[in-house]
Each structure stands twice: as C-alpha cells, then as structure tokens.
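For reference, the structure discussed in these notes is given below.
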Amino acid sequence: MQISSKPVLRVAAALLAFAIIAGILLFANGLVGNPISRMLANRSARRYVASTYSDRNLELEKARYDFKSGSYYVHVKSSKSIDTRFSLNVTPSGKVRYDDHEFRVLGKS
C-alpha cells in the first residue's frame, strides 16, 4: 500500500505557512505592540489618573508603545497649567509601572 505524497505535502506546506505567519506576527508585536495591550494601557492610565490626581483637570494622550522597554507610555498634561506635563509607564498587562509626576512637575529627584 502506497501513501500519496500530495496530502502530506499539503499538510507540511500549511504547517510551514502557519509557522511563518506566527513568526511575523510575533516580530511585529515586539516592534509596534498590539491593540489589546494598548487598550489595557489606556484604561489603566485613565483609572490611575482619576484615582491619584482626581483634584486636577488632566488630559491623557493615547498610549504609545516603546519597543526598547516593551511597555507603553501615556503622556499626561493639564489644560490649565502649561508646566504640568508628565508620563506614565504602563505594562502590556495594564499595570502602571512608573509615574514621573514628582520628577517632572515637582522637581524631586
């Protein structure tokens, strides 16, 4: 009994194509992030600013991915004070890792 090589080649080609596509997607995710993580970062930043700086009128920009650190940065500014500008560093899972308000606004080191 001889097995035809066409179905075996098709399965092998499909597996190879899947592996190549998965590799490209993982590479792109490492360079530009992904929309789900960006959404989590934006939501976490809004909640963090609302709970930490609720007494101020602050505006948040959309989260931007930094491929060097693998995290997102959200720039925050005040609509009333031109000196109030700082950033939040948010992990892809949505945890606020760093808030540089004290350094940039208050001048503490």
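The values are calculated or read from the model by the stated rules, or taken from the named source; none is laboratory data. All of these numbers come straight from a predicted model, not from anything done at the bench. All Cβ positions, glycine included, derive from the backbone under ideal geometry; neighbour counts span all protein chains shown.
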Take the residues in region 27-42 that are small (Gly, Ala, Ser) and part of a helix (DSSP H, G or I), then tell me which one is farthest from PRO92 (Cα to Cα). ALA28
Selection over region 77-100 where residues are under 14 Å from GLU59 (Cβ atoms) and either exposed (fewer than 14 other Cβ atoms within 10 Å of the Cβ) or more than 16 Å from the chain's Cα centre (by Cα) (or both) yields a count of 9
Count, please, the residues in region 80-99 that happen to be modelled with pLDDT of 90 or more, among the β-branched types (Val, Ile, Thr) and not in a strand (DSSP E or B). 1
Taking region 46-72 as the search range and keeping residues that are part of a strand (DSSP E or B) and of a type outside the set (Lys, Arg), which one is surrounded by the most Cβ atoms within 10 Å (Cβ to Cβ)? TYR72
With respect to ALA14, is the statement that it is more than 25 Å from the chain's Cα centre (by Cα) and of a type in the set (A, V, I, L, M) true? yes
Residues that are farther than 24 Å from LYS77 by Cβ and touching a helix residue (DSSP H, G or I) at 6+ places or on another chain (Cβ under 9 Å), drawn from region 13-54: ASN29, ASN34
